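Undergrad: So that we are looking at the same thing, I have put the structure below in structure tokens.
The values are calculated or read from the model by the stated rules, or taken from the named source; none is laboratory data. Only a predicted model underlies this, so the values are computations on that prediction, with no experimental measurement involved. Reconstructed Cβ throughout: ideal geometry from the backbone, glycine too, with neighbour counts over all protein chains shown. Remember, those area values only see protein heavy atoms, side chains included, never the ligands or the DNA or RNA. Shrake-Rupley method; radii C 1.70, N 1.55, O 1.52, S 1.80 Å.
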Amino acid sequence: MTISVEPNTLSISAPLLSDGELPPYEIINESGKAKCVIICDHAGVNVPKKLNRLGLEDYRFGEHYAQDVGSRQVSITLSNLLDAPCILANYSRLVVDLNRRLDHPTAFVTNTEHGPVPGNVNMKDDEKNLRVNEIYIPYHVALEKLIRSYTDKGIIPAIISI
């Protein structure tokens, strides 16, 4: 079977995230007392409206390649049980994988085990930069700030990555 994929023809202008869309991340229990930080890079399933679901059908966002199914709820439950702060990604790893270096080949995945991701095929650098500047960097800055809130007090927190 041959699948024909249209090259990415989106022309996205800044900002990527429109008013009313979710921020790149959510922090819950930020003032938790446990000496650990819970991180869930693949909690999100959302896609910025301007990316038109990356050309994928809605049902594909319930699959593992779009999110770690159940990881959001596991992270929230652990945060509550441990009284620990938790950072949750709000956007699908298909938009940009927050658990990858930006030069990693799957930071902007073009194919999944079920076929191509049309919105990522032949993506232009300016579109990647929007995703990096509006989702990837803010998430990692917030994560670093969360960890630094411990290290500035001389505490090395346990990192629990879900």
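Undergrad: Residue under question is THR77, and the condition is that it be out of contact with any Ser or Thr (no Cβ under 9 Å at 6 or more places or on another chain), modelled with pLDDT under 95, open to solvent by 10 Å² or more (accessible area, probe 1.4 Å) and of a type outside the set (Phe, Trp, Tyr); does it hold?
TA: Working: out of contact with any Ser or Thr (no Cβ under 9 Å at 6 or more places or on another chain): yes; modelled with pLDDT under 95: no; open to solvent by 10 Å² or more (accessible area, probe 1.4 Å): yes; of a type outside the set (Phe, Trp, Tyr): yes.
Here the answer is no, as THR77 does not meet what is asked.
Quick grid of which residues meet (1) free of Cβ contacts under 8 Å to residues at least 40 places away in the same chain; (2) over 16 Å from the mean Cα position of the chain (by Cα):
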position	(1), (2)
LYS49	yes, no
ASN52	no, yes
LEU56	no, yes
TYR59	yes, yes
GLY62	yes, no
GLN73	yes, no
LEU82	no, yes
ILE87	no, no
SER92	no, no
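Here is a yes/no grid of residues against (1) closer than 23 Å to GLU30 by Cα; (2) in a helix (DSSP H, G or I); (3) open to solvent by less than 70 Å² (accessible area, probe 1.4 Å):
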position	(1), (2), (3)
LEU54	no, yes, yes
HIS64	no, no, no
LEU88	yes, no, yes
VAL96	no, no, yes
ARG101	no, no, no
LEU130	no, yes, yes
PRO138	yes, yes, yes
VAL141	yes, yes, no
ARG148	yes, yes, no
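Undergrad: Let me confirm something: among ASP126, ASP68, which residue is of a type in the set (Asp, Glu), part of a helix (DSSP H, G or I) and modelled with pLDDT under 95? It would help to see each step written out before you state the result.
TA: Values: ASP68 fails: part of a helix (DSSP H, G or I).
Step by step, each of ASP126, ASP68 is checked, and only ASP126 is of a type in the set (Asp, Glu), part of a helix (DSSP H, G or I) and modelled with pLDDT under 95.
Undergrad: Of all residues in segment 150-162, which are surrounded by 16 or more Cβ atoms within 10 Å (Cβ to Cβ) and of a type in the set (A, V, I, L, M)?
TA: We begin by selecting, within segment 150-162, every residue surrounded by 16 or more Cβ atoms within 10 Å (Cβ to Cβ); these are 150, 157, 160, 162.
Correct list: ILE160, ILE162.
Undergrad: Something else about it: Quick check: is even one residue across segment 43-63 in contact with a helix residue (DSSP H, G or I) (Cβ under 6 Å, 6 or more places away or on another chain) and under 30 Å from ILE155 (Cβ atoms)?
TA: Scanning segment 43-63 turns up at least one residue that is in contact with a helix residue (DSSP H, G or I) (Cβ under 6 Å, 6 or more places away or on another chain) and under 30 Å from ILE155 (Cβ atoms).
Undergrad: Give the residue, chosen from TYR25, TYR65, that is over 24 Å from ARG148 (Cα atoms) and among the hydroxyl-bearing types (Ser, Thr, Tyr).
TA: Details: TYR25 fails: over 24 Å from ARG148 (Cα atoms).
Only one candidate qualifies: TYR65.
Undergrad: Search segment 19-41 for residues being closer than 10 Å to ASP83 by Cα and assigned to a loop (DSSP other than H, G, I, E, B), and hand back the single one that is most open to solvent (accessible area, probe 1.4 Å).
TA: LYS33
Undergrad: Restrict the check to segment 13-27 and report whether at least one residue is at pLDDT 90 or above, of a type in the set (Gly, Ala, Ser) and touching a Lys or Arg at 6+ places or on another chain (Cβ under 7 Å). Let's see the steps before the verdict.
TA: Looking only at segment 13-27, we keep the residues that are at pLDDT 90 or above, and these are 15-27.
Those still in the list that are of a type in the set (Gly, Ala, Ser) too: 18, 20.
When the remaining residues are screened for being touching a Lys or Arg at 6+ places or on another chain (Cβ under 7 Å), the result is 18.
So far as segment 13-27 goes, yes, one or more of its residues are at pLDDT 90 or above, of a type in the set (Gly, Ala, Ser) and touching a Lys or Arg at 6+ places or on another chain (Cβ under 7 Å).
Undergrad: Could you say which residue among ARG60, ARG131 is charged (D, E, K, R) and at pLDDT 95 or above?
TA: Going through ARG60, ARG131 in turn, just one is charged (D, E, K, R) and at pLDDT 95 or above: ARG131.
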